[in-house]
Structure formats: C-alpha cells, structure tokens
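Okay, structure first, notes after.
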Amino acid sequence: MKKFTKILALLAVLCLVLSCAACGSKDTEKLVMGTNASFPPYEFTDDAGNIVGIDAEIAAAVAEKLGKELEIKDMDFDSLLTAVQSGSIDFALAGMTVTDERKETVDFSDTYATGVQVVIVSENSAIKTVDDLQGKKIGVQTGTTGDIYCTDDYGQDMVKQYQNGALAVAALKNGQVDCVVIDNEPAKNYVKANEGLIILETEYVKEDYAAAISKDNNELLEDFNKALKELKEEGKIDEIINKYIPAE
Ligand code: GLN
C-alpha cells in the first residue's frame with residue numbers, strides 16, 4: 001500500500017512537470033524577425049534602446065494574431081536574406097523591396113507599403129535632377145535596391161557602399177559623396193535631422209515592400225499573409241503607417 005501511494009505521488013509529480021513543460025513551450029514560442037534598425041520610420045532604436053517603427057509594430061500585430069512572442073534581431077541589411085535562408089530568423093521585415101532577383105532566394109509575403117528611391121543632395125549641389133547623376137559619386141546602403149540600380153545605371157566605380165543609411169548620409173555631409181540614393185521615408189528623416197540637405201523632387205524608382213520568408217517555410221508564409229490581410233481589413237496597417245508617416 002505504502003509503495004502504491006509512493007508511485008501515485010511520483011506519477012502526480014511527473015504529470016505536473018510534463019504539463020508545465022507543455023505550457024512553458026507554448027508561452028515562449030517565438031517568432032524571430034530580422035531587420036536593420038537604421039531605417040526610420042520603418043525601424044529605428046528609441047531612446048530606451050528598443051527597436052520601434054512601422055515594421056516593428058506590424059510584426060508585433062502579426063505575432064499577436066499568430067499567438068507567438070516577437071523577438072527582433074538587428075543586423076546589417078545585406079545579411080538579412082542569408083539569415084532567412086539559414087533559418088536564424090523566421091522572416092525579415094526591413095522596408096525590403098520585392099525584386100525578381102531576391103525572389104530567387106526567398107519568398108515574399110503580400111506587400112504592405114510602397115517606397116520610392118529618391119536622391120539626397122546638399123542644398124547648394126549642382127545636382128538638380130536625377131539626370132545629373134552621371135559622373136557623380138553616389139552613396140548607397142550595401143545590398144539595397146538603391147545600390148543595385150545605381151551600380152547598373154552609373155557603374156560600380158561611381159557607387160560608394162555604406163553599411164547603413166546613417167553612414168551614407170554622414171559621408172554626404174563630409175563631402176565624400178555627392179549624393180545619397182535611398183528610400184523616401186528614411187530620406188525625409190535624415191534630411192530633417194541634418195541641416196543643409198534636401199531631397200530632389202524627381203523620383204528615381206517606385207517599389208513595393210514585403211516580408212521575406214524562407215522558401216522552406218510555406219506554413220509561415222500562409223499564416224503571415226492571413227494575418228496581414230486581417231490587419232489590413234481591420235485598418236490596423238493604415239493606423240500604424242499613419243502614426244509614423246503623418247499625412248502631408
Ligand atoms: N527598400 C530598399 C531595399 O529593399 C532598402 C531597404 C533598407 O535599407 N532597409 O533594398
């Protein structure tokens with residue numbers, strides 16, 4: 001009898017341990033996003049050191065719908081696609097443009113925003129329109145569409161790569177480059193934060209942003225698109241975008 005009670009007690013403890021393990025893993029199931037937090041207002045670091053912005057909030061809303069806990073990893077923009085492919089992140093949300101070339105290595109979710117490649121110059125620059133870029137030193141962020149288009153159009157010798165937009169803009173201020181080609185919303189932020197810089201009115205290229213997901217993770221692609229669709233219908237995506245990009 002005594003032995004039987006002991007076994008019962010042991011079994012009860014085992015059950016507790018097992019059920020706790022189950023609830024624990026459910027609570028902590030993570031959705032890992034990769035981004036380059038130097039791309040305001042899509043992603044940047046706030047005064048408290050948190051990564052915030054449009055992409056961070058959209059990802060949080062998607063994670064909530066999927067019942068997962070969001071974790072954000074900050075990395076260089078040109079490391080994101082490899083990280084998606086290797087599985088070290090579940091998806092990249094980084095104001096990333098959908099391109100045919102990138103589609104060869106990753107899948108893209110439905111798009112959630114549009115971007116425009118624009119040109120930042122000094123107020124007194126001789127560059128007045130996109131047509132004046134020939135023969136000028138152009139600063140870009142490594143691996144971005146700005147980098148790819150400018151290298152194609154003006155040649156590698158004319159394009160100077162920087163690890164992020166902030167460094168490219170710093171190089172423009174120091175006179176190391178004659179202009180910076182970057183997405184319009186970060187451009188507006190950088191121009192606002194740096195006196196003496198302006199954005200050319202002529203736009204360079206228009207594009208769509210989407211999340212990059214591994215070609216091996218069709219389940220996440222479907223879940224992500226479903227959540228995104230619901231968030232669009234609920235007006236949540238517009239709400240998040242309008243919060244960071246006030247209507248002009
Ligand atoms: N939209 C650009 C691209 O996809 C830049 C994105 C970024 O720098 N975060 O290449």
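Values for this structure:
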item	result
Exposure of Leu200 as accessible area (Å², to 10), given a probe of 1.4 Å and all protein chains	10 Å²
Cβ-Cβ FRET estimate between Glu230 and Gln163, R0 fixed at 30 Å, reported to 0.05	0.25
Loop GluC sites (Glu not before Pro), the stretch 160-239, which have at most 13 other Cβ atoms in a 10 Å radius of their Cβ (DSSP)	Glu195, Glu201, Glu203, Glu234
Within the chain, helix-based [θ] at 222 nm, where runs of 4 or more DSSP H residues each add -39,500 (n - 2.57), nearest 500	-13000 deg cm²/dmol
The chain - percent of accessible surface contributed by carbon and sulfur, probe 1.4 Å	51 percent
FRET efficiency for Asp46 and Glu195, using Cβ-Cβ distance with R0 set to 25 Å, rounded to 0.05	0.65
Estimated FRET transfer efficiency (Ser86, Ser122; beta-carbon r; R0 25 Å; 0.05)	0.05
Listed residues Ile72, Ala126, Gly155: farthest to the positive end of the dipole of the chain (Cβ charges)	Ile72
By average C-beta atoms within 10 angstrom, highest first, the peptides 131-143, 31-43	31-43, 131-143
Of all DSSP beta bridges in the chain, antiparallel share, percent nearest 5	60 percent
Net length gained if the chain between Asp152 and Glu71 were fully extended (0.36 nm per residue, minus Cα distance)	25.6 nm
Loop chymotrypsin sites (Phe, Trp or Tyr not before Pro), the stretch 172-247 (other Cβ atoms within 10 Å of the site Cβ: 14 or fewer; DSSP)	none
Net charge over other residues, Cβ less than 15 angstrom from the Cβ of Gln134 (K, R count +1; D, E count -1)	-3
Accessible area in square angstrom per residue, the chain, 1.4 angstrom probe	53 Å²
Span-rule helices in the chain, defined as complete DSSP H runs reaching 15 Å or more along the axis (Cα) with Kyte mean at least -1.0	2-27, 54-66
Solvent-accessible surface ranking, highest first, for Thr97, Thr114, Thr202 at 1.4 angstrom	Thr114, Thr202, Thr97
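The values are calculated or read from the model by the stated rules, or taken from the named source; none is laboratory data. Just so you know, these numbers come straight off a predicted model, no measurement behind them. All Cβ positions, glycine included, derive from the backbone under ideal geometry; neighbour counts span all protein chains shown. The area values use the complete protein model at the heavy-atom level, side chains included, leaving out ligands, DNA and RNA. Shrake-Rupley method; radii C 1.70, N 1.55, O 1.52, S 1.80 Å.
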